[in-house]
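Some notes on the structure that comes next.
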Amino acid sequence: MSEIKAPDPLKSEENVFADALESMITLISRMYKNQVLLEMNKGTVEKFSDAQTGNYAAVLTKLSSKVSKGLLKRFDNKRLKELSKRVLEKNDKRSRKILYDRLSKDIGIDASTLLKRDAMTYDFNALVIETSKWATKLRDETLEMYTANTLRAMTLGTPIEEILQQFDGMVEKRKGHARFTARNQISSFNSIMNKTRAQKLGIKKAVWVTSHDERVRGNPSGKFPNATPSHFWADGKEFDLSEGLKFPNGQSLLPGTTYRCRCSYRMILEDEE
């Protein structure tokens, strides 16, 4: 019996995707601030609810709707799907080559033959759609959040200076969320594709591997000692690729597919009888 480590996601493509989504949030935020918040401020004295012509909520909704239409054209679903596909294709090309290079000697088939036989189009396309859905969700939720939070602040009579400060704070959080979304999707995609390829080659089991540092969830001496489920507990545990590892809380997971998970796995190649 031998073990083969599953290829890690391509960091350069994680950064490319993260930069692209963060740039989208930056532009959305700038246009919203200039074309909604500062436009509303032209009709106010100290507070949004003071001296506003007509119903301030209606004015805000109208301005938000207008800027949203422009942004939805600029970052339409097709564009986000193409971005997702381009990034995932590059990551997948590298991962499948590394995986087949590592497996070829043990299974007795050269890597070039394995590459030619690779038939993962449907799996790949499904994960592209899933990733693009996360990108569109990020776009839509950002616009909805900006409008809802601004409307709430206006209703409370919050001064314009404070509203703009709150908005800038939200922008930074959304940028961070964009980067996490990108990295999580690349990691999840990579883990699932590795697993599916292994299963098609008859590999059934794997061993969970953590990053072996203080950031591992559940590490008693780390930053998240009480995290549930504990990935620290999972380190070295064997599991079925078809099911994932079952944790004490009943949850079954595949390494690298949960939020901020940096874990990987080693595939177990059983000796032929």
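Laboratory data are not the source of any read-out in this text; all were calculated from the coordinates shown. Computed from a predicted model, the values in this text were never measured in an experiment. All Cβ positions, even for glycine, are placed from backbone atoms using ideal geometry, and neighbour counts span all protein chains on display.
Odds and ends about this structure:
- Meets criteria (buried (at least 16 other Cβ atoms within 10 Å of the Cβ) and over 21 Å from the mean Cα position of the chain (by Cα)) for THR142: no
- Matching residues, region 90-127, being part of a helix (DSSP H, G or I) and hydrophobic (A, V, I, L, M, F, W, C): ILE98, LEU99, LEU103, ILE107, ALA111, LEU114, LEU115, PHE124, ALA126, LEU127
- Scanning region 5-21 for residues that are in a loop (DSSP other than H, G, I, E, B) and either surrounded by 20 or more Cβ atoms within 10 Å (Cβ to Cβ) or within 15 Å of the chain's Cα centre (by Cα) (or both) returns ALA6, PRO7, PRO9, LEU10.
- The listed residues are ASN194, ASN149, ASN226, and the only one of them that is part of a helix (DSSP H, G or I), free of Cβ contacts under 8 Å to residues at least 40 places away in the same chain and of a type in the set (S, T, N, Q) turns out to be ASN149.
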